[in-house]
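Worksheet: one structure, shown below.
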Amino acid sequence: HVRDYGGAVYLEDGTCEIIDGTITSCTAKKGGAVNGGGENSPSFTMTGGRIENCIAEGDFSDGGAVYLEGGNVTIGDDAVIWGNIANGGNGGGVCVRLGNFKMSGDAKIEHNTSLFTEVEDGGTSVGYGGNGGGVYITSTNEVNVNIDNGYITDNSASRRGGGVCVDMPDENKM
C-alpha cells in the first residue's frame, strides 16, 4: 500500500517497460500499480505480464492499474490489465491525462471498474469519477489515441464509457 502515487511503480521523467511478470493487489491514490508524470513526458510500455486487482482509492483517485500524466502509454502484444478499480475516480484500468494512448496485438483490458463518488473540494461536496471503466483519456491539448487491435471487454463505469472514455473540449482534436 502506498499513500499517494503508484502502488508498485512510481515513474518520473523516464521510461518503464513491463515485458513479463505480475503486479497484483496494490493500492494508491493515483495509479493503483503504476504512476508516471513529470516535465519530460514519461513513457510507460507494457508488452507482456499482468496488472490485476489493484485499486486507486481516495478523493480524486484515478487509474486503478495505470495513471500517467503527460507522455505515452502503450499496451501491446500479450499484456493484460484485469480486475482493477478506480474507486472515486476515472480509468478503472488506465488513466491518461495530457498524453497519448496506443493499444495493439492481443493485449487485454478486461473486468476493470470506474466508480463515481461524492468528494469534498474546498468545503463543497462535488461528484467525481465514474468515467472510462477500461480506459480514460483526457487532455486540453491534441492527443493521439490509437487502438490497432486487442480486447477491451467486460469493463464498467458508473457514468460514461464502460470500455473507453475520451474526455476533451470540443475545440481539441484527437
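The values are calculated or read from the model by the stated rules, or taken from the named source; none is laboratory data. These numbers come from a predicted model, not from an experiment. Backbone-built Cβ (ideal geometry, glycine too); neighbour counts: all protein chains shown. Each accessible area value is taken on the protein alone, full model and side chains, heavy atoms only, with ligands, DNA and RNA left out. Shrake-Rupley method; radii C 1.70, N 1.55, O 1.52, S 1.80 Å.
At 0.36 nm per residue, and after removing the present C-alpha to C-alpha distance, how many nm does the segment from T15 to E120 gain when stretched out fully?
Working: separation 105, 0.36 × 105 = 37.80 nm, distance 3.41 nm.
Working it through step by step, the gained length comes to 34.4 nm.
What aspartates and glutamates could a cross-link reach from K108, if we take a straight Cα to Cα line under 15 Å and drop same-chain neighbours fewer than 8 places away?
Answer for K108, where 15 Å is the Cα cut-off: D20, E52, D77, D78, D148, D154, listed by chain and number.
Test of the criteria: in the stretch 1-42, which trypsin sites (Lys or Arg not before Pro) are in a DSSP loop and have at most 11 other Cβ atoms within 10 angstrom of their Cβ?
On the way: sites: R3, K29, K30; in loops: R3, K29.
Here the sparse-neighbourhood loop sites are R3.
DSSP loop (so not H, G, I, E, B), at most 16 other Cβ within 10 Å: list which GluC sites (Glu not before Pro) in the stretch 83-169 pass both filters. If you can, show how the numbers build up before the last one.
Values: sites: E110, E118, E120, E142; in loops: E142.
Those satisfying the criteria are E142.
Give the calculated FRET efficiency between F60 and N40 to the nearest 0.05, with a Förster radius of 22 Å applied to their Cβ-Cβ distance.
Given R0 = 22 Å and the Cβ-Cβ separation, E is 0.35.
Please work out the average accessible area per residue across the chain, using the 1.4 Å probe convention, and give it in Å². Mind dumping the intermediate values first?
Values: 7770 Å² over 174 residues.
Result: 45 Å² per residue.
Which shape class, rounded, prolate or oblate, goes with the stretch 4-79 when its Cα gyration tensor gives a ≥ b ≥ c as root eigenvalues, a/c under 1.5 marks rounded, and past that a/b bigger than b/c marks prolate?
Values: a/c = 2.06, a/b = 1.07, b/c = 1.92.
Oblate, since a/c reaches 1.5 and b/c is not below a/b.
Based on Cβ point charges of +1 for Lys and Arg and -1 for Asp and Glu, what charge dipole magnitude is obtained for the chain about its Cα centre, in debye rounded to the nearest 20? List each step's numbers first, then the result.
On the way: 10 positive and 24 negative charges, 45 e Å.
With Lys and Arg at +1 and Asp and Glu at -1, about 220 debye.
Rounded to the nearest 5, what % of DSSP beta bridges with both residues in the stretch 108-165 are antiparallel?
On the way: 6 of 14 bridges.
Counting DSSP beta bridges with both partners in the stretch 108-165, the antiparallel share is about 45 percent.
Report P(r) for the stretch 91-174: all Cα-Cα distances, bin width 5 Å, range 0 to the bin holding the largest distance, values in whole percent.
Reading the bins upward from 0: 4, 16, 21, 21, 20, 11, 4, 2, 1, 0.
Using only alpha carbons, build the gyration tensor for the stretch 127-171 and give me the equivalent ellipsoid semi-axes, biggest first, whole Å.
With the √(5λ) rule applied to the stretch 127-171, the semi-axes are 18, 16, 6 Å.
Remind me, what semi-axes does the stretch 51-123 give for its equivalent ellipsoid, largest first in whole Å, using sqrt of 5 times each Cα gyration tensor eigenvalue?
24, 14, 7
Expressed as a whole percentage, what fraction of the accessible surface of the stretch 1-135 belongs to carbon and sulfur atoms when a 1.4 Å probe is rolled over the protein heavy atoms?
Numbers: 2270 of 5260 Å².
Here carbon and sulfur together make up 43 percent of the probe-accessible area.
Quote the Stokes-Einstein diffusion coefficient, in whole µm² s⁻¹, for the chain, based on the Kirkwood radius over alpha carbon pairs, a temperature of 4 °C and a viscosity of 1.567 mPa s. Walk me through the numbers before you get to the answer.
Details: Rh = 15.1 Å.
It diffuses with D of about 86 µm²/s by this estimate.
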